[in-house]
Each structure stands twice: as C-alpha cells, then as structure tokens.
Amino acid sequence: MPDAFILGIESSCDETAAAVVRSGEKLISNVVASQIATHQPYGGVVPELASREHLRAIVPVVRQALAEAQHTYESVDAIAVTQGPGLAGALLVGISYAKALAFALDKPLIAVNHLEGHIHAVLLEERQKGNHDLRFPVLALVVSGGHTHLYLAAEKDNAWTYENIGHTRDDAAGEAFDKVAKLLGLGYPGGPVIDRLTPHGDAKAVKFAPAQIKHPDRRGRNDGRAVAFAADRPRFDFSYSGIKTAILRYVETHHMQSAVEARRQALVAIPKPKIEDYLANCDKLTLDLVASFQRAIVNDLVTRTLAAAEAYDVATIFVTGGVAANQELRQTFEREAAEQGLPVYFPSRPLSTDNAAMIAAAAYPKFLAKDFAAMDFSAEAGMILR
Ligand code: KG4
Ligand code: ZN
C-alpha cells in the first residue's frame, strides 16, 4: 500500500486547525489557531464569535498546514473533516471548506467524529514512537471541555467500532475545570491554569464528597436524542456538577468573594498572565482549594476508569482529550494503571487538546476502507460515536 497523505480539518469548537498526516502514523504538519483571546473576556466560548473566527482563519490555516508539510492542494490524497459533535455553526465552516476543496480537486472526502479523532490521537502518537503492537480490548477515556466518555474500542478490517460504557451525567471534567476557574477569578480556560497552580497548594486541605450516581442511566441523552445502552452491560458514569457547587459554597462560607473579584480584575489587566502573576494574586486558601479540587477530579477519573478496565478485562487504556494534558492526571494514571499491570497511553500535549492531526489520523482506516462521505453530508452537533 503506497503512502497516503491526508489533509485534516477541524473546527468543532474554538480552535481552527489543519494538519497533514501520512498513513495515520506520521505527523507531517499540525497547525492550530486558537481563539482563546477572543472568548476570554466572556469566560467561555461564544458560538457566534467562534464561527466568525473560523471563517477568518480557515483558509490561512489550511494553507499553512500544506506549506509546512511541503504539499500542495493537489498533492494530498484525501480531505478529512470533523462532522461532529460540536458547535453547529463552527462545524459548518470546516465542512463547507472541506467539501469545496474535495469537489474542486476531485479528491475523496472523509467525515470524522471528533471523539474518534481524540482516540486516534493516541494511536498516532504510539505509531510515531514505533509502537505498532496494540493489545485489545482497548478502553478509551475521552476527557475534554465538552466530553467525559468511556469507550471500548475494537478494530476489524480497518473498521473501528466503539461501545460507550460510561459518560458524564452533567458537566464534563474540563467544563468543571473551566467553571471552577471562572468562579475563583482565574480566567478562561481553567484547566491549564489549575494544572500549574496545583503544585503550590495542599491537595489534602479540602475534602469533597465523592459524586453519588444513584439511578441507573440506560439512555444517553448527550445529543438531545435518546440512545439505549445495553441493559446487561455495567456502566461507569461520571458527575462533576456537585463539586463545582461545593466550591461555590466554600467560597461563600469562607468569605472569599471580594478576594476573587480583586483577583479577576488584576488578572484581566495583564495581557498574558504568567504563573508568577497568578501566584501573586492567590492566597493560601485559594491555592489549597484549587489543589484539592484537581486531586478530587483526578482521583475520580482514575478510579472510575480503572474500575471499568477491571470489569471489562481490558488490555490497554487510552486517555485523551484536553484534560489528558493534565500533569497530575497523567502521573496518577501511570502509577495506578501500573499497579493493575495495564499499559496506559496518552497523546503528547499538543495532540491532547483539539487539533486536526487526530482527524487526519482517524480518517486513514476509512480511506483504506473507501468509507467516503457523500457531498451532501452535514454537521451533526450531537453526533454519537459507535
Ligand atoms: O479537547 P479540548 O481542546 O476541546 C474539547 O473538545 O472540549 O479540551 C478543552 C478542555 C478545556 O475544558 C480545558 O480547560 C481543558 O480541556 N484542559 C485541561 C488542561 N488543558 C486543557 N484541563 C486540565 N489540565 C490541563 N492541563
Ligand atoms: Zn475535543
């Protein structure tokens, strides 16, 4: 099989990204234009602004990805694009451009699920390291700003299938990082800041009650449509809205509101705050709270994932998505999975958060299977992975 160079395009949320990947195993170029500065003043992603920024960035980002890969529009073998899940307007920008390119260049077009992309970021990473030996069953934790999912992944004749065995009942883990950072006046996005502040606080200072999931949930409703889960399969769901409320209450009972407001104002006045700026504006109470919060989330993610790994007797664990960039999450997974004798793989940090290389990598088995998209496919904001 000759090499196939796939141009990937990703625009599902607040990053406009394009990449060229060779045969699902070699990153040739990877360009990500972040919109963080645009959304920062609002403390979260504003969908209308996201679409507008994607429109502005998509052509130069794709051009740059091709130039860095020393490719031309004509020299790539296929064009892959994120179909969903994500913001409908944002997805449409990438899809429309990918369709236009595929049509004009007469190249195959491949539609990719964003969550499948996150999973294939791990495979791309391992193949780049020369690790082609993957033991199944694989359990993948996809943990980002919009998602906290556990999937059993299987592959047969270049067709990957996924079974969801757990999802969040409310907030995603990354969403909890972002909301907690916001309510502590630490700005947006919260994950990277909390990650860097945690070593400066006492993670044992504040105790949080573990999330209780009382009722069995046999139907996932993440997409607005109901999906039935197999009744005889154990589920490992997550819940992160309780801890956010607990922190809100802690801030109130410890009279931290004026300190939070002062910090918020001080930090917005600094264009790109550094760790020293955050530390200069955080007291011990806040640093301890942040460290305790992160410890609670990390322990919960690791405990539930390893319980699922045991129940389904998996051979390998993948951890991917924006939150997989977290230092403590990586270390805890590595330590605890080793105790169970399980290998755990992560993408490198740039491939953990949203990027297009993962879309191009996930498209490769579909390219081999000639699983191409029809020109009339559209964005699916609540797309399910199966
Ligand atoms: O995968 P991603 O880039 O976008 C989505 O598909 O959602 O993930 C973004 C999320 C944000 O919630 C961000 O706060 C979180 O990932 N994140 C982190 C870290 N870096 C990004 N969370 C914890 N620790 C980090 N180092
Ligand atoms: Zn993502």
request  = Return the ratio Rg/(2.2 N^0.38 Å) for the chain, where Rg is computed over Cα atoms only.
outcome  = 0.98
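Quick one: what do you get for region 318-386 if you divide its Cα Rg by 2.2 N^0.38 Å?
Values: Rg = 16.0 Å, N = 69, 2.2 N^0.38 = 11.0 Å.
Normalised Cα radius of gyration, region 318-386: 1.46.
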key: Degrees separating the helix 284-311 axis from the principal Cα axis of the chain, which is the longest one   = 50
inquiry  = Computing the accessible area with a 1.4 Å probe over protein heavy atoms, can you report the carbon and sulfur percentage for the chain?
reply    = 53
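What's the extension gain from Ile384 to Gln70 if we count 0.36 nm per residue and subtract their Cα-Cα distance? Kindly include the intermediate steps, with their values, before the conclusion.
Values: separation 314, 0.36 × 314 = 113.04 nm, distance 3.48 nm.
Working it through step by step, the gained length comes to 109.6 nm.
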key: Nearest-ten-degree value, helix 88-105 long axis tilted from longest Cα axis of the chain   = 20
ask   = Where a Cα-Cα gap under 18 Å defines reach, which lysines qualify for Lys179, not counting those fewer than 8 residues away within the same chain?
value = Lys244
request  = May I have the convex hull volume per residue, in Å³, for the Cα set of region 24-122?
outcome  = 109
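Under 20 °C and 1.002 mPa s, how fast does region 1-42 diffuse according to Stokes-Einstein, given a Kirkwood radius computed over C-alpha pairs? Answer in µm²/s, whole number.
Values: Rh = 11.7 Å.
Value of D from the Cα-based Kirkwood radius: 183 µm²/s.
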task = State, to one decimal in nm², a quarter of the convex hull surface area for the C-alpha atoms of region 235-386, i.e. the direction-averaged projected area.
result = 13.5
Percent antiparallel among DSSP beta bridges (both partners in the chain, rounded to 5) = 65
task = Work out the P(r) tail for region 125-167: percent of alpha carbon pairs separated by more than 12 Å, whole number.
result = 67
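With r defined as the distance between the Cβ atoms of Gln327 and Lys129 and R0 fixed at 22 Å, what FRET efficiency is calculated, to the nearest 0.05?
On the way: r = 20 Å, r/R0 = 0.91.
Once rounded, the FRET efficiency stands at 0.65.
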task = Starting from the Cα of Lys107, draw a straight line to each of the lysines and keep only those under 26 Å, dropping any in the same chain fewer than 8 residues away.
result = Lys26, Lys99, Lys156, Lys366, Lys370
request  = Taking the chain as the reference, fit the longest principal axis to its C-alpha atoms, fit the long axis of helix 327-339 to the helix C-alpha atoms, and give the angle between the two in degrees, 0 to 90, nearest 10.
outcome  = 80
query = Along each of its three principal axes, how wide is the spread of alpha-carbon positions in region 111-184, in whole angstrom units, largest first?
reply = 47, 26, 25
query = Mean residue ellipticity at 222 nm from the helices of the chain, using -39,500 (n - 2.57) per DSSP H segment of n ≥ 4 over the full residue count, to the nearest 500 deg cm²/dmol?
reply = -13500 deg cm²/dmol
message = What distance in nm separates the two pseudo spin-label positions at Gln40 and Ala205, each 7 Å out from Cα along the beta-carbon direction?
response = 2.5
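Enter the accessible area per residue of the chain (Å², integer; probe 1.4 Å; all protein chains in place). If you can, show how the numbers build up before the last one.
Values: 16870 Å² over 386 residues.
That works out to 44 Å² for each residue.
What number in nm² do you get for region 74-120 if you take the convex hull of its Cα atoms and divide its surface by four? Write down the numbers at each step before the final one.
Details: hull surface 13.3 nm².
For region 74-120, averaging the hull's shadow over all directions gives 3.3 nm².
The values are calculated or read from the model by the stated rules, or taken from the named source; none is laboratory data. For clarity, every value in this text was computed on a predicted model and none was experimentally measured. We place every Cβ from the backbone using ideal geometry, glycine too, and count neighbours over all the protein chains shown. Remember, those area values only see protein heavy atoms, side chains included, never the ligands or the DNA or RNA. Shrake-Rupley method; radii C 1.70, N 1.55, O 1.52, S 1.80 Å.
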